[in-house]
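Quick one: the structure is below, and I'll ask about it shortly.
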Amino acid sequence: MRICKARRRRSFTIPNELVEEILSRLPVKSLMRFKCVSKAWHTLISSHRFAKSHFQRASQNPKSMNVLVLTNNYVLSSGCEALIQSRDFRGQHVDVDFPGFPLWSKEHVKRNLASCNGLVCIELYNVDKWTAQYLVWNPSTKSYKNIPSPTSTSTPDSYSSWFRGFGFGYDYSTDDYKILRPYHTFDIRMLKIEIFSLKTFTWKTIRVDEDNNFFICSSMQLVEKTIYCNGAIYWNPKCYRKPSIIYFDLADEIFHELPWPESVSYYDTSETWELGTFGEHLCLSVCTGESRNDLCIQLWVMKESWTRLATIPYRGTCPRPICVSKNGEKFLLLEKQVGKNSEYIFKLIVINLKKKAYRKTRYDLKRKMEATTYVESLYSLDCNDGLNQHFQEEGSKGHKGNQEVYPKGFGKNYCQGGCQA
């Protein structure tokens, strides 16, 4: 009698830790598809813990860094490395449709961008009505939230106030994203800053008293562009005195002043310096020289102290630093030139540090152009219309409106160890 023994199938199970390690290395587009594999994978990929782990890894990968370009009628996205290395690379058109947020309004609207941790904040500032709308968007997952307008009677959306450049950043202490918009009332001695918390979905107002912070109040009258870097929002005031950099710590809500590199002598015009970021570091682009005939551009980066990266030729304007190549030899810069008919021409250019030579990209436009960088991320905005969700949750409790508080203090944070040239 012949006995057949059935072969046992051996099952092989990959440990959950290894699965998570493998998935954390994949691009966002693939992970969004892989949510359909199983409930377990959907739960893992959707978790806030995994999103933070994935972002930490992606932020170290140059291929995950992208440039977002916003013009008067379209949005483009392209990889930073590809844009820097390839002369003909243009990127992809991004399909944007935000109900209740008229990105392509026919009214006189300024479109401004700020980014942080893979999220992009868009400001629509109506020049004629002096009103502003905000939206937070994840270009990688396509999720977004409309931000409610402040409901306080002291809102700066009126003809009695001036906006001073909005900011968007991440508060490490509370794991929260915040929108800042400084403004002056007709009482020019009083600067106020409205802060929106994405976690609590409420606005509050901070007063900055000129008696204690004269430099902050007077400098903020001339600020337009802000930059987020490592838990703080930076302003580069266009003031008529020795220049300095102002930053607002999102954790302790305190203003600080960061001095320039001591060895820099700047050429005194209205637009002679710009702030940007190269990776995780603050970068300063400054126009230097004794006269207009011998001007050049110096690029500085703040690590433990200011360190000069390069000196490059002057091309009629001071460019804004956008990003740096993987090998650190090429920079992407945004220029704003004045054309023949006094119209502005916006250009994204690449500078090769070894050759000290510029190269154009295909982003050369005779129209308004804003550019910012973002890293691919899974950070969820929970729903596509946070405004509706907020009112549904708060409907039975009533709207809290603005909370008005005073800042904890003001301090000066000078670079330690001196400045290196």
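Tell me yes or no: at least one residue of region 111-125 is part of a loop (DSSP other than H, G, I, E, B) and more than 27 Å from residue 197 (Cβ to Cβ).
No, region 111-125 has no match at all.
How many of the residues in region 342-379 are acidic (Asp, Glu) and open to solvent by less than 20 Å² (accessible area, probe 1.4 Å)?
So the answer is 1.
Another question about this same structure. Yes or no: residue 85 surrounded by fewer than 20 Cβ atoms within 10 Å (Cβ to Cβ) and closer than 20 Å to residue 369 by Cα? First the steps, then the outcome.
Details: surrounded by fewer than 20 Cβ atoms within 10 Å (Cβ to Cβ): yes; closer than 20 Å to residue 369 by Cα: no.
In short, no.
Something else about it: Kindly provide the set of residues from region 33-54 that are within 17 Å of residue 374 (Cβ to Cβ) and either out of contact with any helix residue (DSSP H, G or I) (no Cβ under 9 Å at 6 or more places or on another chain) or open to solvent by 70 Å² or more (accessible area, probe 1.4 Å) (or both), ordered by number.
52
Out of 362, 308, which single residue is basic (Lys, Arg), touching a residue at least 12 places away in the same chain (Cβ under 8 Å) and more than 26 Å from residue 90 (Cα to Cα)?
308
Further, regarding this structure: Looking at region 168-218, which of its residues are basic (Lys, Arg) and either in a loop (DSSP other than H, G, I, E, B) or at pLDDT below 65 (or both)?
189, 199
Sticking with this one: Using the structure shown, decide if residue 94 is aliphatic (A, V, I, L, M) and either open to solvent by less than 20 Å² (accessible area, probe 1.4 Å) or at positive phi (or both). Full working, then the answer.
Working: aliphatic (A, V, I, L, M): yes; either open to solvent by less than 20 Å² (accessible area, probe 1.4 Å) or at positive phi (or both): no.
Answer is no for this residue.
So, one more: For residue 345, state whether it is in contact with a Gly (Cβ under 6 Å, 6 or more places away or on another chain) and of a type in the set (Val, Ile, Thr).
It is true that residue 345 is in contact with a Gly (Cβ under 6 Å, 6 or more places away or on another chain) and of a type in the set (Val, Ile, Thr).
Give the residue that is farthest from the chain's Cα centre (by Cα), with candidates limited to residues of region 63-82 that are surrounded by fewer than 19 Cβ atoms within 10 Å (Cβ to Cβ) and within 22 Å of residue 25 (Cα to Cα).
So the residue we want is 82.
The values are calculated or read from the model by the stated rules, or taken from the named source; none is laboratory data. The structure displayed is predicted, hence computed values, not measured ones. In this analysis, Cβ positions are derived from the backbone assuming ideal geometry, glycine residues included, and neighbour counts consider all displayed protein chains. These area figures cover heavy atoms from the full protein model, side chains too; ligands, DNA and RNA do not enter into them. Shrake-Rupley method; radii C 1.70, N 1.55, O 1.52, S 1.80 Å.
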